[in-house]
Amino acid sequence: MEKKSAAKKTSKAFKIIGGTVLALLVLFLVIREIGRGINGRTPEGGINESMYIDVNGTEQWINIYGEDIRNPVLLYLHGGPGSATSDIDYVFTRKWADVYTVVTWDQRNCGKSYDAEQNDIVLTRDLLLEDGKEVTEFLLDYLSKEKITILGHSWGSIYGANLVLEYPEYYECFIGTGQLVDYLENEKAFKQEALRWAEGDEETLAQISQLTPEHITLEYVETKDAIMEKYGYGMMANGRDYNEAAVLIFNPNYSVVDWIKYFNRDPSVYLAFDMSEEFTSFSLKGRFDYPMPYYNINGDKDYQTNYKLAQDYFDKVNAPYKQLYLMENMTHGLLESDSEGFSDILHQIAETQSVRTQLL
């Protein structure tokens, strides 16, 4: 009898625990949907649309968000290559949405554009430039604009620069942040900086001596990241100015199914491209003539994409107008570490562009 009574008590306890867990899960999902609903609202007089569009024979995901559809259109190019930011980017890109209609795009085969059937496609400069061109042409038609602005971060900065140089008729302005100029020169510059940081640190100096900028491997990337973290130059060394958990939970663009797909993707699909001549062919060396205004926003502690090389390149750029902004004590993650400061600069650029347009 005592055993049966104990079993009943145990069973009852499990039911109570199970019921509590289920109730908490339901509560979490309800709160999550309320938050997603709030974040998913369309501003009055503005636009908030997410969709898959045909790009070069594939389906790729974009979001269009702005408070006034009459504003200029800004296409944001994420970094990587292949590091889509649709899981978090709404939290900082919407800070620009009062002066721009902001388009965020998960580039080919990453983020919400991931498709395992594309994993065997060889990524080339021509293929990616055609992708960018087709996304641009879609936006020009869909939003009834003659030209748009490009804002690229890291890989997106060199990708965007190549786009505006290749198809200048489509773009009214280029903004690069965490500006990458030439991958090989960038890695050589990193090695020299790291030797300076590690002076007297024999263990780290030995690691640096093994780095081969001419032959990038996964081990190389991991070692480089570890060295930057050690000396306070890691991408997110300045932290994030938002609550990451809340941003992920209340992301209006990600359903439960989207998150399942997100965690089932193969993040290594861009690895071969990262280490290929096709990637290095995006180099901006010797390419200084921009038919549109050229802006750079860089962090003065950014050695992921060396800000000194970006400054040297900026000095050689020929453009109708150019302006360089240097954010103090910021590393490569400046978009997330000081999103307010970054947004302030973008507002300055938007105002400058508006004035220039009126004068022309």
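Taking first residues from the stretch 24-48 that are under 16 Å from THR101 (Cβ atoms) and partners that are β-branched (Val, Ile, Thr) and open to solvent by 70 Å² or more (accessible area, probe 1.4 Å), the Cβ contacts under 9 Å between residues at least 6 apart in sequence or on separate chains come to GLY45/ILE69; GLY46/ILE69; ILE47/ILE69; ASN48/THR42.
Residue by residue, here is whether (1) of a type in the set (D, E, K, R); (2) on the phi > 0 side of the Ramachandran plot; (3) not in a loop (DSSP other than H, G, I, E, B) holds:
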{"residue": "THR223", "(1), (2), (3)": "no, no, yes"}
{"residue": "ASP241", "(1), (2), (3)": "yes, no, no"}
{"residue": "ALA246", "(1), (2), (3)": "no, no, yes"}
{"residue": "ASN253", "(1), (2), (3)": "no, no, no"}
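If only residues of the stretch 122-138 that are within 13 Å of ASN162 (Cβ to Cβ), open to solvent by 40 Å² or more (accessible area, probe 1.4 Å) and without any contact (Cβ under 8 Å) to a residue 60 or more places away in the chain are counted, the one that is farthest from the chain's Cα centre (by Cα) is ASP126. Within the stretch 30-45, being at pLDDT 85 or above, surrounded by 12 or more Cβ atoms within 10 Å (Cβ to Cβ) and not charged (D, E, K, R) holds for ASN39, GLY40, THR42, PRO43. For the stretch 219-238, filtered to residues that are within 21 Å of TRP155 (Cα to Cα) and of a type in the set (Gly, Ala, Ser), the residue that is least open to solvent (accessible area, probe 1.4 Å) is GLY234.
Per-residue answers, yes or no, for (1) under 22 Å from LEU140 (Cβ atoms); (2) modelled with pLDDT of 95 or more; (3) open to solvent by 60 Å² or more (accessible area, probe 1.4 Å); (4) more than 20 Å from the chain's Cα centre (by Cα):
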{"site": "PHE28", "(1), (2), (3), (4)": "no, no, yes, yes"}
{"site": "ILE47", "(1), (2), (3), (4)": "yes, yes, no, yes"}
{"site": "VAL55", "(1), (2), (3), (4)": "yes, yes, no, no"}
{"site": "GLU59", "(1), (2), (3), (4)": "yes, yes, yes, no"}
{"site": "GLY66", "(1), (2), (3), (4)": "yes, yes, no, no"}
{"site": "LEU75", "(1), (2), (3), (4)": "yes, yes, no, no"}
{"site": "PHE92", "(1), (2), (3), (4)": "no, yes, no, no"}
{"site": "THR101", "(1), (2), (3), (4)": "yes, yes, no, no"}
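Of all residues in the stretch 188-203, those being crowded, with 19+ Cβ neighbours inside 10 Å and either on the phi > 0 side of the Ramachandran plot or out of contact with any helix residue (DSSP H, G or I) (no Cβ under 8 Å at 6 or more places or on another chain) (or both) number 0. If the condition is being open to solvent by less than 50 Å² (accessible area, probe 1.4 Å), among the charged types (D, E, K, R) and farther than 15 Å from GLY156 by Cβ, then the stretch 270-304 contributes only ASP300.
Looking only at the stretch 103-121, which residues are basic (Lys, Arg), in a helix (DSSP H, G or I) and open to solvent by less than 20 Å² (accessible area, probe 1.4 Å)?
Matches in the stretch 103-121: none.
Of the helices (runs of 4 or more DSSP H) lying entirely inside the stretch 276-358, the ones with 1 or more residues being at pLDDT below 95 and more than 26 Å from LYS147 (Cβ to Cβ) are found at 277-280. When ILE208, ILE216 are checked against the criterion of being modelled with pLDDT under 95, part of a loop (DSSP other than H, G, I, E, B), surrounded by 17 or more Cβ atoms within 10 Å (Cβ to Cβ) and more than 21 Å from the chain's Cα centre (by Cα), ILE216 stands alone in meeting it.
Hey, can you tell me all the residues within the stretch 247-269 that are touching a residue at least 24 places away in the same chain (Cβ under 8 Å) and either of a type in the set (A, V, I, L, M) or open to solvent by less than 30 Å² (accessible area, probe 1.4 Å) (or both)? Break it down stepwise before answering.
First, the residues of the stretch 247-269 that are touching a residue at least 24 places away in the same chain (Cβ under 8 Å): 247-254, 258, 261-262, 265-267, 269.
Residues satisfying the conditions are VAL247, LEU248, ILE249, ASN251, PRO252, ASN253, TYR254, VAL269.
Figure legend. Inter-residue proximity from the stretch 308-319: first residues among the charged types (D, E, K, R), second residues assigned to a helix (DSSP H, G or I), beta-carbon distance below 9 Å, spacing 6+ or different chains. Indicated pairs: LYS308/ALA189; LYS308/GLU193. The condition (being open to solvent by 30 Å² or more (accessible area, probe 1.4 Å) and within 22 Å of ILE158 (Cβ to Cβ)) is satisfied by just one residue among LEU334, LEU346, LEU359, LEU324: LEU324.
Evaluate the stretch 154-163: report whether one residue or more is open to solvent by 40 Å² or more (accessible area, probe 1.4 Å) and in a helix (DSSP H, G or I). No, the stretch 154-163 has no match at all.
The values are calculated or read from the model by the stated rules, or taken from the named source; none is laboratory data. Computed from a prediction, not measured in an experiment: that's the story for all the values here. All Cβ positions, glycine included, derive from the backbone under ideal geometry; neighbour counts span all protein chains shown. In case anyone asks, the SASA skips ligands and DNA or RNA and just uses the protein heavy atoms, side chains included. Shrake-Rupley method; radii C 1.70, N 1.55, O 1.52, S 1.80 Å.
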